[in-house]
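Written below as structure tokens is the structure these notes are about.
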Amino acid sequence: MTAVSVHDIAEHNVVEPPGDFSGRHPRPTLEIMSTDPSPVPQTVRAAGVLVALQGVAGGVVCLALAVRAFVGATDLVTTLGTALWFAVIAAAVIGVGAALWRGRHGARSPAVVAQLVLLGVAWYAAGPSSRPEYGGPGAVYCIVVLVLLFSASTTRWAYSVEAGRQA
């Protein structure tokens, strides 16, 4: 097998592969091969988008708290501390959503944990806080993400099972 150097590709030098090509010079190509044997199912990508949107919502809350801190909140330090907490969590949730979109197997568990935590938040908003207009849609959103994360195609992908055989 003939080795192709970066210099050969950068200079567009043609490197003859082994074999007879009757004087034809093939174009040098780079092929990017996936190391993951199974493609990412649409359910995983959809869950990734929905999880990332939750992170974006956390970022919006972070910005709202920061603005509130500087326009006259009762306690500047507490409000900024809460905004910082939301910024860290929002960044982590956006990262988990992006990792799901890219098909990273390790992102599924943090996404499930985030949904279970947010499901508890939704329950608290709907029940003890008497704000079902927030808790109801929030709970439905979390349940939709959980259904996507535990669907058959996602589970097959997560455990690398294809057509009844283990990879």
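Worth a mention:
- With R₀ set to 30 Å, the beta-carbon distance separating residue 71 from residue 147 gives a calculated FRET efficiency near 0.15.
- Charged-residue dipole, Cβ positions (Lys, Arg, Asp, Glu), the stretch 42-162 about Cα centre, Debye nearest 20: 280 debye
- Gain in span if fully extended, residue 64 to residue 129, counting 0.36 nm per residue against the direct Cα distance: 21.3 nm
- Karplus (6.51, -1.76, 1.60) ³J(HN,Hα), θ = phi - 60°, over the stretch 66-75, in Hz, Gly and Pro reported as x: 5, 4, 4, 5, 8, 9, x, 5, 5, 9
- Counting every other Cβ atom within 10 Å of each residue's Cβ, 94, 143 order from fewest to most as 143, 94.
- What the Cα convex hull of the stretch 109-160 gives, in volume per residue, is 51 Å³.
- Three-way shape label, the stretch 74-167, alpha-carbon gyration tensor, a/c 1.5: oblate
- A Cα-only calculation for the stretch 31-116 places Rg and Dmax at 16.6, 59 Å.
Read-outs: derived from the displayed coordinates by stated rules, not from any lab. Just so it is clear, the structure is predicted and the values come from calculations on it, not from any experiment. Every residue, glycine as well, gets a Cβ built from its backbone with ideal geometry; the counts of neighbours run over all protein chains shown.
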